[in-house]
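I have placed the structure first, in the form of structure tokens, so that the comments after it can refer back to it.
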Amino acid sequence: MTPVRVKICGLREPRHAAVTSRAGADYVGVVFAARVREVTAEEAAAVVGALEGGTRAVGVFLDASPTEILRKRDTAGFHIAQLHGAEPPRVCDELRAEGLGVWKGIRPTSGDTLIRRWDEYRDAADTILVEGFSPRGPGGTGSAFPHAWLSGLDRDRCALVLAGGLDAGNVARAIREGGPDIVDVSSGVERAPGEKSIEKILEFLAAVREAANRVPAPAEAR
């Protein structure tokens, strides 16, 4: 069992989900935001239904209401809501009260901004995802940030997901520099925007397994 867990995000095809799950991914993400990887609740249900073993499904949203998120949860069956917009901490609280795990995405523009945003959400979310800022918007842009910014975070009560610009060639370095609990990849395992590559997914998972043997085991994340 690898100390650093892996999320493969933006899956749209059940066959990709099945292979990814069998290969050892801990989480698979289905995107409900209006982006190139968007799926309907019914399409997401097919992806979630193809998962095997202990792989958990994450529904990715951008400024959706708790009512909409819960309605799609009831159809698609995902276990965790990942919030990528300007959702306040109370939305995290509402979703957790309904039995959903909550990951909050933040896109800092400086180390100070990262610390402020982390402190704002660390008691409301189970896990915080940090990715690089991009003017194109949140999620799936491949935007990295200086991993040195992560050194000032209080991580006692909240797990860290590291995202943005990761691929099989650089994830080992990112793990060494950032010490994340979970790494998250989307565009880094695609042959074209929105088109996943099974070969790249398997390469990414293998690279994490190799790198994870050299870092301490992380805190639990929901």
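I'd like the distance between the alpha-carbon centres of the stretch 46-104 and the stretch 107-133, rounded to an integer number of Å. Centre-to-centre distance over Cα atoms comes out at 19 Å.
Using heavy-atom solvent-accessible surface (probe 1.4 Å) with all chains present, what is the largest-first order of R117, R22? List each step's numbers first, then the result.
Values: R117 70, R22 145 Å².
Most to least solvent-accessible, the answer reads R22, R117.
Scalar couplings 3J(HN,Hα) for the stretch 109-121, obtained by applying the Karplus form with A = 6.51, B = -1.76, C = 1.60 to θ = phi - 60°, are 9, 7, x, 5, 4, 4, 5, 4, 5, 4, 5, 5, 10 Hz; x denotes Gly and Pro.
With contacts taken as Cα pairs under 8 Å at a separation of at least 6 residues, the chain carries a relative contact order of 20 percent.
Rounded to the nearest 20, the Cβ-based charge dipole of the chain about its Cα centre (Lys and Arg +1, Asp and Glu -1) stands at 320 debye. Taking GluC sites (Glu not before Pro) as exposed when their DSSP state is a loop state and no more than 14 other Cβ atoms lie within 10 Å, the longest site-free interval of the chain runs over 99-219.
At full extension, D119 and S65 could sit 17.2 nm farther apart than now, given 0.36 nm per residue minus the alpha carbon distance. The slack in the chain from D112 to R157, taken as 0.36 nm per residue of separation less the alpha-carbon distance, amounts to 14.3 nm.
When you filter the trypsin sites (Lys or Arg not before Pro) in the stretch 185-214 for DSSP loop state and at most 14 other Cβ atoms inside 10 Å of their Cβ, you are left with R214.
Grab the DSSP H runs of the chain that are 4 residues or longer, score each as -39,500 (n - 2.57), total them, divide by all residues and round the 222 nm result to the nearest 500 deg cm²/dmol. Mind showing how you got there, number by number?
Details: 7 runs with 72 residues, N = 222.
After summing the helix terms and dividing by the residues of the chain, the value is -9500 deg cm²/dmol.
Taking the simple approach of a point 7 Å from Cα along Cα-to-Cβ for both E43 and R96, what is their distance in nm? My value for the distance between the label points is 3.2 nm. Over the stretch 1-61, with every protein chain in place, what whole percent of the accessible area is carbon and sulfur at 1.4 Å, could you tell me? Carbon and sulfur: 52 percent of the exposed surface of the stretch 1-61. For F32, the accessible surface of its heavy atoms amounts to roughly 10 Å² (probe 1.4 Å, protein chains only, rounded to the nearest 10). For the stretch 34-43, 3J(HN,Hα) computed residue by residue from phi via the Karplus equation (6.51, -1.76, 1.60; θ = phi - 60°) reads 6, 9, 4, 9, 4, 10, 7, 4, 5, 5 Hz, glycine and proline entered as x. Residues whose amide H comes within less than 5 Å of that of V60, counting only those at least five positions distant or on another chain, are V30, V31, F32, Q82 (H built at 1.01 Å from N in the peptide plane).
With a 1.4 Å probe and all protein chains in place, put D119, D181, D156 in order of accessible area, largest first.
Values: D119 70, D181 5, D156 140 Å².
From most accessible down to least: D156, D119, D181.
Summed over the residues of the stretch 1-129 and divided among them, the accessible surface reaches 40 Å² per residue at a probe radius of 1.4 Å. Rounded to the nearest whole Hz, the Karplus-based 3J(HN,Hα) values (6.51 cos²θ - 1.76 cosθ + 1.60, θ = phi - 60°) of the stretch 176-191 follow the sequence 5, 6, x, x, x, 7, 9, 10, 10, 9, 9, 5, x, 10, 10, 8, with x at glycine and proline.
Among rounded, prolate and oblate, which fits the chain when a ≥ b ≥ c are the square roots of the eigenvalues of its C-alpha gyration tensor, a/c under 1.5 means rounded, and a/b larger than b/c means prolate? List each step's numbers first, then the result.
Values: a/c = 1.41, a/b = 1.04, b/c = 1.35.
Here the chain falls in the rounded category.
The values are calculated or read from the model by the stated rules, or taken from the named source; none is laboratory data. These figures come from a predicted structure and were not determined experimentally. Don't worry about glycine lacking a Cβ; one is built from the backbone with ideal geometry, like all the others, and counts go over all protein chains shown. These accessible areas exclude ligands, DNA and RNA; they are computed on the full protein's heavy atoms, side chains included. Shrake-Rupley method; radii C 1.70, N 1.55, O 1.52, S 1.80 Å.
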